[in-house]
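In what follows, a single structure is set out as structure tokens and then discussed.
The values are calculated or read from the model by the stated rules, or taken from the named source; none is laboratory data. Since the model is a prediction, treat every value here as computed from it, not as a measurement. We place every Cβ from the backbone using ideal geometry, glycine too, and count neighbours over all the protein chains shown. Keep in mind that these areas ignore ligands, DNA and RNA; they rest on the heavy atoms of the full protein, side chains included. Shrake-Rupley method; radii C 1.70, N 1.55, O 1.52, S 1.80 Å.
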Amino acid sequence: MAEGESTSRALEEQTLGAAEKSVEPVGADRAVSESQGRNGSGSGLGASGGGLQWPAPSSSPQMGRMQAPMSMPMPVSYPEMGSSPASAPQMSMAALAPVPQARPVPVVQPPIAFQVPRKRINSVADIEHFHKSEAGKTFLGFVVGLSDSMVGKKLSDYCRESPIIKTLCGMLEEMSSWIEQLPPKQQPARYGNPAFREWQTWLEERGPGLMLRVLPENLKDGVDEIFPYFADSFGNATRIDYGTGHEANFAAWLLCLARLGLLNEDDYQALVARVFVKYLDLMRKLQTTYWLEPAGSHGVWGLDDYHFLPFIFGSAQLKDHKYMKPKSIHNQDILDTFSHEYLYLGCVQFVKRVKKGALAEHSPMLDDISAVLSWNKVNSGMLKMYKAEVLEKVPIMQHFLFGSLIKW
């Protein structure tokens, strides 16, 4: 470990040690502390597979941008917990599922017959076909591999930055600069600013040229296949919205580059800590400049109105952290000091900035997850939840694309 990095970690431990000593149980933390006093346990976790069973949501009124209707069912991976085994409802299928594992990405061998990708998923049967296929297993395994690459890593830690990593970061920075040139239009409604359509027009016009910066000469014909994934990674111009399906397309685009041999496992840490962070910064800028509608948001029952992957990568970063625990999200000093280093904390900080009220009111799932005792459990639960709540949902995956690199 470099001397500067060692000093940085020592200061971090000193700061966190002092902060954690002063923090009182808040929200779900107080409940889990009381539960531990009564039962000797209170993790709210299933013993099998290390999966998460989130504690029961708060009964207080929900305050946030979007109020959940009383009849709205909770996600399948958010089972309510009873105070005793006899009263606890049956564990959900998501909680019983095995934790997804990383898989190597096979590189496509030439000659490659590139094709324009198209949508294939229209039913639950199609979802089942996708998850049984090599493409489905490879995609989820790729996400897990990215998560594993960040275990114990801060965003500022050294990582190998190959030329293509720098190219990808440069592209995203350039796209961010378009926003200043296309300011939001004056309108009475806060959400859905039509200037976003102009930004999307620039993406359609300039995007293929950006792809040519990434592809070597012998793979230039691949533009027609990889650009549709990239084009659908930044929201929908017609609806002026953005959601986890668009985020999944960005991961699919990165997977296509890995399938072409342009990225490998040595690049994974930089893909998250450099490229994905640039992507997340760009999306937050788009979301708060043009106020994109959340696509398919769970409202107060969701982790975030827009994103899921940073919660996976961010919980991986905090695995086995000496001081920082899931309950640390309630310590504002910790959020202010370390949100730029840890994606999970950055997500909580962003949610608290754009939503009014207490975290337990506008984001009860995040608040309740803070009662889990270890980041290992949070990370494994997030991976299961991503598969169940994103990759197994027809309304999200019906927009996923398949071609020669991600085959149906």
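So the values come out like this:
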| quantity | calculated |
| --- | --- |
| Gly357 vs. criteria in contact with a strand residue (DSSP E or B) (Cβ under 6 Å, 6 or more places away or on another chain) and either within 23 Å of Arg284 (Cβ to Cβ) or part of a helix (DSSP H, G or I) (or both) | no |
| Pairs where the first residue, in region 327-341, is free of Cβ contacts under 8 Å to residues at least 60 places away in the same chain and under 18 Å from Lys377 (Cα atoms) and the second is outside any helix (DSSP H, G or I) and open to solvent by less than 20 Å² (accessible area, probe 1.4 Å), C-beta under 9 Å, 6+ apart | Ile329/Ser370 |
| Flag if Lys319 is under 30 Å from Lys137 (Cβ atoms), surrounded by fewer than 24 Cβ atoms within 10 Å (Cβ to Cβ) and in contact (Cβ under 8 Å) with a residue 40 or more places away in the chain | yes |
| Candidates Lys407, Lys325, Lys355, Lys387 - the one that is farther than 22 Å from Trp253 by Cα, among the charged types (D, E, K, R) and either over 19 Å from the mean Cα position of the chain (by Cα) or at pLDDT 95 or above (or both) | Lys325 |
| Selection count where residues are open to solvent by less than 50 Å² (accessible area, probe 1.4 Å) and in contact with a Pro (Cβ under 9 Å, 6 or more places away or on another chain), scope region 199-218 | 0 |
